[in-house]
1. Suppose the filter is outside any helix (DSSP H, G or I), surrounded by fewer than 18 Cβ atoms within 10 Å (Cβ to Cβ) and either at pLDDT below 90 or in contact with a Leu (Cβ under 7 Å, 6 or more places away or on another chain) (or both); does ARG218 pass it?
2. Would you confirm whether or not the stretch 139-148 contains a residue that is out of contact with any Asp or Glu (no Cβ under 9 Å at 6 or more places or on another chain) and buried (at least 16 other Cβ atoms within 10 Å of the Cβ)?
3. For the stretch 117-138, enumerate the residues that are crowded, with 16+ Cβ neighbours inside 10 Å, of a type outside the set (Val, Ile, Thr) and more than 16 Å from LEU51 (Cβ to Cβ).
4. Would you call LEU121 within 13 Å of ILE44 (Cα to Cα) and within 20 Å of the chain's Cα centre (by Cα)?
5. Out of all the residues in the stretch 172-187, which are surrounded by 15 or more Cβ atoms within 10 Å (Cβ to Cβ) and closer than 22 Å to LEU157 by Cβ?
6. Based on what the data block shows, is LEU97 of a type in the set (A, V, I, L, M, F, W, C) and either touching a Lys or Arg at 6+ places or on another chain (Cβ under 7 Å) or at pLDDT below 90 (or both)?
7. Working carefully through the options THR171, THR206, THR149, THR131, find the one that is without any contact (Cβ under 8 Å) to a residue 24 or more places away in the chain and of a type in the set (Val, Ile, Thr).
8. Residues SER69, SER76: which one is of a type in the set (Ser, Thr, Tyr), modelled with pLDDT under 90 and closer than 20 Å to GLU199 by Cα?
Amino acid sequence: MREFLIETQFLWMLLIGWLLGILTGPIQERIRRSYREQDLVKAILNEFRGLQYTMALVAMQIRTRRADSSDGFLDSIIPIVANYDGPDKDANLLGALTSLRSRSASERNEARPPIGSPLVLKRYSVPIFSTHVSDLAVCDLDFQTAVLTIRHHLELLNESLPHIEKMFDMTVRETSAGSREHVLQILQNLEVDYGSRTEIIMNLITDLQNRFSRQRSR
């Protein structure tokens, strides 16, 4: 009987060892996958925070040109500027925006630039995200959808830039007052659309941070 128990115990140990050998690989892979997801989410959120700060500045520039720096708009970008601590941070910007928020609408819009004055725009990118798009499979599907939606709007923003540049060049070349006025109107509409797109991106990133920032802080 004793020998039977010893043999049975030995067989159970072999079985347990075999099962552990089978399960160890998937368990380790799940742990590695979890850490990869956390690192990737953290890196993307950090990069998108910088993009959000940039979009807020561009949106402010275009709103100023339109004399449309409303209370609601300023209330949406002040927290973005306050929470940003990256390399592009302007140390004086938060104070300037807070001071601007305390003024009346008419006072804010006194510094509006002349219609048709140059608007300095450029193409924007998220290189870390672009490099790791193929790695998004380790992330939650909702996170994948959210960041790819932001990239889609960023691509639309960049695609609109050549049209704005073309219209601005036409304002310089046009000599007819009527034709120039028409081109200026088209240019203003394009700038409004561009500004709206920057605010869409800005707000989508706010939503992204609110939904997934817990993964970043693990």
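1. It is true that ARG218 is outside any helix (DSSP H, G or I), surrounded by fewer than 18 Cβ atoms within 10 Å (Cβ to Cβ) and either at pLDDT below 90 or in contact with a Leu (Cβ under 7 Å, 6 or more places away or on another chain) (or both).
2. Yes, the stretch 139-148 contains a residue that is out of contact with any Asp or Glu (no Cβ under 9 Å at 6 or more places or on another chain) and buried (at least 16 other Cβ atoms within 10 Å of the Cβ).
3. The answer is LEU119, LEU136.
4. Here the answer is no, as LEU121 does not meet what is asked.
5. If the condition is that a residue be surrounded by 15 or more Cβ atoms within 10 Å (Cβ to Cβ) and closer than 22 Å to LEU157 by Cβ, then VAL183, LEU184, ILE186, LEU187 are the ones that fit.
6. no
7. THR131
8. Residue meeting the stated conditions: SER69.
The values are calculated or read from the model by the stated rules, or taken from the named source; none is laboratory data. Because the structure is predicted, anything quoted here is derived from the model rather than measured. All Cβ positions, glycine included, derive from the backbone under ideal geometry; neighbour counts span all protein chains shown.
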